[in-house]
Amino acid sequence: MITTLVIYGILVICLIFSLLKSKEKTLKAFKVAGQVLKKSAPSLIAVLGLVGLTLGILSPETISRLLGEEAGLIGTLIAAVVGAITLIPSLIAFPLAGSLLRAGSTVMTVAAFITSLMMVGIVTAPMEIKYLGKRFTLMRNGFGFIAALLLAFLMGVIL
Amino acid sequence: MKSTWKKSIPILIIIIAFIVLAIWWPDKAEASSRVTLDYLKEMLLIMPPVFILMGLLEVWIPKDKIQQWLGSRSGVKGALISILLGTLPTGPVYVAFPLAGYLLGQGASVSNIILFLGSWAALKIPQMMLEIKFLGIGFASLRFGLTLVLLVIMGQIMQKVFNKKTEPLWTMHEEPAPPKSKGKDPILETTSK
């Protein structure tokens, strides 16, 4: 809710300034917005469906069942893969991670889950490809996954 | 209309997946459609202002300014701006993709875009509060620090690879890029027609 308010706040302020300076340019900005919206609609719809499917199948309960008792490196790897596939809002992800930790998961597993959740997004890839290209998306997500595993290992060693 | 067919294939696959799910696992299908509807509501709320903001950016901020702030010569200052932009409390990461694509198209460096996207996803301030609450301050601050270091390294590597690039990165606006020497905004020109 706060994020929505922040975005609309920024928009209103920018629109007021823009309108004061030039009506024509503001109108042009709306035209650009319309074009971008039209071009991104298919990938937006695809992402919506993918998010729904993954979260419906891999619900928080299913994830905690998958990772709760699983210990060791395989558990960590599964955690990273699950994190990479799903898109879970932080409002759900952090309580889930906390409960995993209390249920006996290692720091390494929880760190792998949280980090790959944030750095890698398979369900949002259609959108990322649309705006940033295939190569960029593949590389960013690939490196992100490696980074998540590395970070998990380091955190497991340190903490 | 071959291209429209190609575009609708992913959506068709998703619809089929939903139908399959509804037949064999109705409870999963119900959960999936509930989540989809939730996200649809969120997107309908968030995406329009984001697109309008992009339009405003396009109209008001000249390309050379973005190059100066976030381009490959922007150095530490550019990196700090990218991280700062990312940590603002402004919604899920799919909101950041159009912005990142736009900035990249306007001459921002690959390493800065990696920092921007990475901090947008992983280093948000409101998100940190939750993390501290549920995982402790030790976990949260160590993850924050390590993520930042890894993002910088990742950005440098990708920058090196993309310096040798042959294909254009900016693919959203399909018209061919005009010669650089004119210094005009390609997208502005098409919209004014």
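Only one of the listed residues (A:97, A:41) is hydrophobic (A, V, I, L, M, F, W, C), surrounded by fewer than 22 Cβ atoms within 10 Å (Cβ to Cβ) and either in contact with a His (Cβ under 7 Å, 6 or more places away or on another chain) or at negative phi (or both). That residue is A:41. In the stretch A:9-21, the qualifying residues are those that are in contact with a Phe, Trp or Tyr (Cβ under 9 Å, 6 or more places away or on another chain) and not basic (Lys, Arg), and the one that is surrounded by the fewest Cβ atoms within 10 Å (Cβ to Cβ) is A:17. Step by step: first the residues of the stretch A:131-152, then only those that are surrounded by fewer than 22 Cβ atoms within 10 Å (Cβ to Cβ) and modelled with pLDDT under 95, then the one that is nearest to the other protein chains (Cβ to nearest Cβ). Which residue is that? Here the answer is A:133.
All of A:119, A:127, A:155 fail the test of being within 7 Å of chain B (Cβ to nearest Cβ) and over 15 Å from the mean Cα position of the chain (by Cα), apart from A:155.
With the structure loaded, tell me whether residue B:130 is within 8 Å of chain A (Cβ to nearest Cβ), modelled with pLDDT of 70 or more and crowded, with 22+ Cβ neighbours inside 10 Å or whether it fails that test. Before you say what the answer is, go through the steps one by one.
Values: within 8 Å of chain A (Cβ to nearest Cβ): yes; modelled with pLDDT of 70 or more: yes; crowded, with 22+ Cβ neighbours inside 10 Å: no.
No: the conditions fail for residue B:130.
Applying a threshold of 6 Å to beta carbon distances and a minimum spacing of six or more residues, or different chains, the list of pairs starting in the stretch A:49-60 at a residue that is facing chain B (nearest Cβ under 7 Å) and ending at one that is crowded, with 19+ Cβ neighbours inside 10 Å and assigned to a loop (DSSP other than H, G, I, E, B) reads A:50/A:123; A:51/A:87; A:51/A:123.
Kindly establish whether residue A:3 is modelled with pLDDT of 95 or more and within 10 Å of chain B (Cβ to nearest Cβ). No, not satisfied.
Here residue A:56 meets the list (1) out of contact with any Lys or Arg (no Cβ under 9 Å at 6 or more places or on another chain); (2) over 17 Å from residue B:122 (Cα atoms) almost entirely, failing just condition (1).
Looking only at the stretch A:103-114, decide whether some residue is within 11 Å of chain B (Cβ to nearest Cβ), closer than 17 Å to residue A:58 by Cβ and without any contact (Cβ under 8 Å) to a residue 12 or more places away in the chain. Checking the stretch A:103-114: not a single residue is within 11 Å of chain B (Cβ to nearest Cβ), closer than 17 Å to residue A:58 by Cβ and without any contact (Cβ under 8 Å) to a residue 12 or more places away in the chain.
The values are calculated or read from the model by the stated rules, or taken from the named source; none is laboratory data. All of these numbers come straight from a predicted model, not from anything done at the bench. Neighbour counts are summed over all protein chains in view; Cβ atoms, including those assigned to glycine, are modelled from backbone coordinates with ideal geometry.
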